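Q: What follows is a single structure, and I will ask about it in a moment.
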Number of protein chains: 2
Amino acid sequence: MQQTSEGHRLRSRTIGFVPTMGALHEGHISLIKRSKSENDITVVSIFVNPTQFGLNEDFDKYPKETDSDIQKLEEAGVDTLFMPDASNMYPDGFSSSITVGGLDSKLCGEFRPGHFSGVATVVCKLLNITRPARAYFGQKDFQQSVIIKRMAADLNIDCQIVVCPTIREGDGLAKSSRNSYLSAEQRAAALVIYRALNTGAEMIRAGEKDAGAVKKQMNDMLAAEPLVSEVQYASVYDPATLDELAEVKRETLLAVALRIGSTRLIDNMLVSL
Amino acid sequence: MQQTSEGHRLRSRTIGFVPTMGALHEGHISLIKRSKSENDITVVSIFVNPTQFGLNEDFDKYPKETDSDIQKLEEAGVDTLFMPDASNMYPDGFSSSITVGGLDSKLCGEFRPGHFSGVATVVCKLLNITRPARAYFGQKDFQQSVIIKRMAADLNIDCQIVVCPTIREGDGLAKSSRNSYLSAEQRAAALVIYRALNTGAEMIRAGEKDAGAVKKQMNDMLAAEPLVSEVQYASVYDPATLDELAEVKRETLLAVALRIGSTRLIDNMLVSL
């Protein structure tokens, strides 16, 4: 893969890169379309990265749909699929890890220790292997995108990190490979996330400055849904620092992580005034 | 610098890179000569990296000899000198760091906590900025070279790490920018390091298999030198894992770190049977 990429670079062909864990949905396809519109070559990786899963997380049951993924990539006109083995990515003796201090302990970081170090390390590896001019990430994983931007800038990785809008189902649920874990009843209940974020955003657009009031309203809505088994966070944040806000700013991030049954779902919304 | 390097790569010119902290001596010049013999372009960096110095170490007094360094680089025929500011390397908000677990806590790591993380991080940055085909390091910093090789392999950095022989003064003292801290009396006393390493190597070559006996002999010699104020380590190691050995192997590392007055000196010798 590295030689292929280097060959493209030598011919001054720009590479756009879309890293995925497979189980591709329209969110991934939107990143691929964006990449194809901005680069000569589009490379997609499928790699369910073990180091970003915690001990009790869903690594073993993470959906694997390689055949249909490949078909979707062919239909989307992807040039190259990079699909490494874990044993190639992490051979015996592997011992390096990248941490992005501060940012990686907030929001999801509090509930998934080591997760963002696993993400930062594998993305650094993938960027060094695929050598793209631009790499594409979905806004749904907002904290991930902030951390990867920081890591790429800090380590002087010569690649633009492009964050693309969250793609949603018709009713508003953010597309996610993990939605497939939900029963029909849970799927209906999950809509509360979108409704809470929307309500928070509407409050802010209507002039609410007190972030605490927005946070309370969102949490009240989530608490009222009986199938929500745990709200990990639901609040108002500075999108640059990921610090919780007391007062709404010109650009504000609303973000939620919760469980429905054992399925963990996240979503967020950026509100600009 | 990154654009310059990318320009060379686009023209299929190979870059050799020699990272330094300045105060250049013949050890550095030997790396430059090697780089020039193996690459089209040779880039040298001078950057006294603050993040690899501990709180009570010699960052503030580390020798700065920029004018004579530049002259030496011109005489050596170096193509490009990269000399960044700390504020460019570590701008506000910088938060990433690379750790190379296991290897970074042994030998010097025990006495310089955080040092190798600082080294790994800055070398990763410098390699991403200068994009060399080969980067050159001296064997005197043996542990550093092992850690950098590991980091470059783990993070898929497309660069060969070349380790070059330690260059010594006529009497055997390893060349080091820190030798300039020594008084004449301390300079004479420092020779005990080379004598201890040589004695250890001779014992092994003469058939000694007991690493403990070699270690004891080296430590006895160092203890007999009154100007040695602290022996941090002096022992027999596996050069791949940096683990201390009970029995001599086909390839064995002898390594020493000690202080003479407040000056910390390190040296090592590889013995192959």
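The values are calculated or read from the model by the stated rules, or taken from the named source; none is laboratory data. Just so you know, these numbers come straight off a predicted model, no measurement behind them. Cβ: placed from backbone, ideal geometry, glycine included. Neighbour counts: every protein chain shown. These area figures cover heavy atoms from the full protein model, side chains too; ligands, DNA and RNA do not enter into them. Shrake-Rupley method; radii C 1.70, N 1.55, O 1.52, S 1.80 Å.
Q: Can you tell which of A:10, A:31 is modelled with pLDDT under 95 and touching a Ser or Thr at 6+ places or on another chain (Cβ under 9 Å)?
A: On inspection, the qualifying residue turns out to be A:10.
Q: List the residue pairs whose Cβ atoms are under 6 Å apart, where the first residue sits in region A:11-23 and is closer than 10 Å to residue A:177 by Cα, the second is open to solvent by 10 Å² or more (accessible area, probe 1.4 Å), and the two are 6 or more positions apart or on different chains.
A: If the second residue must be open to solvent by 10 Å² or more (accessible area, probe 1.4 Å), the pairs left are A:21/A:48; A:22/A:46; A:23/A:63; A:23/A:65; A:23/A:177.
Q: Still on this model: Do we have residue A:214 as touching a residue at least 24 places away in the same chain (Cβ under 8 Å), part of a helix (DSSP H, G or I) and either open to solvent by less than 70 Å² (accessible area, probe 1.4 Å) or not assigned by TED's automatic domain parsing to the domain that holds residue A:264 (or both) here?
A: Considered against the rule, which asks whether it is touching a residue at least 24 places away in the same chain (Cβ under 8 Å), part of a helix (DSSP H, G or I) and either open to solvent by less than 70 Å² (accessible area, probe 1.4 Å) or not assigned by TED's automatic domain parsing to the domain that holds residue A:264 (or both), residue A:214 comes out as yes.
Q: Does at least one position in region B:155-175 carry a residue that is touching a helix residue (DSSP H, G or I) at 6+ places or on another chain (Cβ under 8 Å), modelled with pLDDT of 95 or more and assigned to a helix (DSSP H, G or I)?
A: Taking every residue of region B:155-175 in turn, none turns out to be touching a helix residue (DSSP H, G or I) at 6+ places or on another chain (Cβ under 8 Å), modelled with pLDDT of 95 or more and assigned to a helix (DSSP H, G or I).
Q: Quick one: how many residues across region B:83-102 are open to solvent by 20 Å² or more (accessible area, probe 1.4 Å) and within 18 Å of residue B:148 (Cβ to Cβ)?
A: 4
Q: Being charged (D, E, K, R) and surrounded by fewer than 19 Cβ atoms within 10 Å (Cβ to Cβ) is the filter; apply it to region B:50-71 and report the residue that is farthest from residue B:113 (Cα to Cα).
A: Only one residue fits best here, namely B:67.
Q: Spot the failing condition for residue B:194; the list is (1) in the same structural domain as residue B:264 (by TED's automatic domain parsing); (2) more than 20 Å from the chain's Cα centre (by Cα); (3) open to solvent by 40 Å² or more (accessible area, probe 1.4 Å), and only one is missed.
A: (2)
Q: While we're on this one: Of the residues in region A:98-121, how many are more than 10 Å from chain B (Cβ to nearest Cβ) and touching a residue at least 24 places away in the same chain (Cβ under 8 Å)? Show your work before the answer.
A: Filtering region A:98-121 down to residues more than 10 Å from chain B (Cβ to nearest Cβ) leaves A:105-116, A:118-119.
Next cut, touching a residue at least 24 places away in the same chain (Cβ under 8 Å) only: A:106-116, A:118-119.
Adding up the residues that qualify gives 13.
Q: Hey, another quick one. Could you grab me the full set of residues in region B:249-273 that are among the hydroxyl-bearing types (Ser, Thr, Tyr), open to solvent by less than 10 Å² (accessible area, probe 1.4 Å) and either modelled with pLDDT under 95 or more than 16 Å from residue B:173 (Cβ to Cβ) (or both)?
A: Our first condition is that a residue be among the hydroxyl-bearing types (Ser, Thr, Tyr); within region B:249-273, this holds for B:252, B:262-263, B:272.
Narrowing further to those that are open to solvent by less than 10 Å² (accessible area, probe 1.4 Å): B:252, B:263.
B:252 - this is the single residue of region B:249-273 that is among the hydroxyl-bearing types (Ser, Thr, Tyr), open to solvent by less than 10 Å² (accessible area, probe 1.4 Å) and either modelled with pLDDT under 95 or more than 16 Å from residue B:173 (Cβ to Cβ) (or both).
Q: Would you pick out the residues in region A:122-153 that are under 27 Å from residue A:168 (Cα atoms), within 11 Å of chain B (Cβ to nearest Cβ) and among the charged types (D, E, K, R)?
A: A:149, A:150 - these are the residues of region A:122-153 that are under 27 Å from residue A:168 (Cα atoms), within 11 Å of chain B (Cβ to nearest Cβ) and among the charged types (D, E, K, R).
Q: If you don't mind, another one. Going residue by residue through region A:154-162, is there one that turns out to be more than 11 Å from every other protein chain (Cβ to nearest Cβ), open to solvent by 10 Å² or more (accessible area, probe 1.4 Å), over 15 Å from residue A:20 (Cα atoms) and not aliphatic (A, V, I, L, M)?
A: So far as region A:154-162 goes, yes, one or more of its residues are more than 11 Å from every other protein chain (Cβ to nearest Cβ), open to solvent by 10 Å² or more (accessible area, probe 1.4 Å), over 15 Å from residue A:20 (Cα atoms) and not aliphatic (A, V, I, L, M).
Q: Right, something else. Where the second residue is open to solvent by less than 10 Å² (accessible area, probe 1.4 Å) and the first is at positive phi and lies in region B:123-139, which pairs have Cβ atoms under 7 Å and are six or more apart or on separate chains?
A: B:131/B:5; B:131/B:15
Q: Suppose we filter A:125, A:149, A:140 for residues that are open to solvent by less than 20 Å² (accessible area, probe 1.4 Å) and among the basic types (Lys, Arg); which single one remains?
A: A:125
Q: Just to be sure, is residue A:66 at the interface with chain B (Cβ under 10 Å from one of its Cβ atoms) and either touching a strand residue (DSSP E or B) at 6+ places or on another chain (Cβ under 8 Å) or among the basic types (Lys, Arg) (or both)? Outline the logic, then answer.
A: Values: at the interface with chain B (Cβ under 10 Å from one of its Cβ atoms): no; either touching a strand residue (DSSP E or B) at 6+ places or on another chain (Cβ under 8 Å) or among the basic types (Lys, Arg) (or both): yes.
It is false that residue A:66 is at the interface with chain B (Cβ under 10 Å from one of its Cβ atoms) and either touching a strand residue (DSSP E or B) at 6+ places or on another chain (Cβ under 8 Å) or among the basic types (Lys, Arg) (or both).
Q: Right, next: Only one of A:225, A:208, A:202 is assigned to a helix (DSSP H, G or I), out of contact with any strand residue (DSSP E or B) (no Cβ under 8 Å at 6 or more places or on another chain) and either open to solvent by 80 Å² or more (accessible area, probe 1.4 Å) or not β-branched (Val, Ile, Thr) (or both); which?
A: Of A:225, A:208, A:202, the one residue that is assigned to a helix (DSSP H, G or I), out of contact with any strand residue (DSSP E or B) (no Cβ under 8 Å at 6 or more places or on another chain) and either open to solvent by 80 Å² or more (accessible area, probe 1.4 Å) or not β-branched (Val, Ile, Thr) (or both) is A:202.
Q: Which one is nearest to residue A:164 (Cα to Cα) among residues in region A:1-49 that are out of contact with any Lys or Arg (no Cβ under 9 Å at 6 or more places or on another chain) and loosely packed, with under 14 Cβ neighbours inside 10 Å?
A: This residue is A:37.
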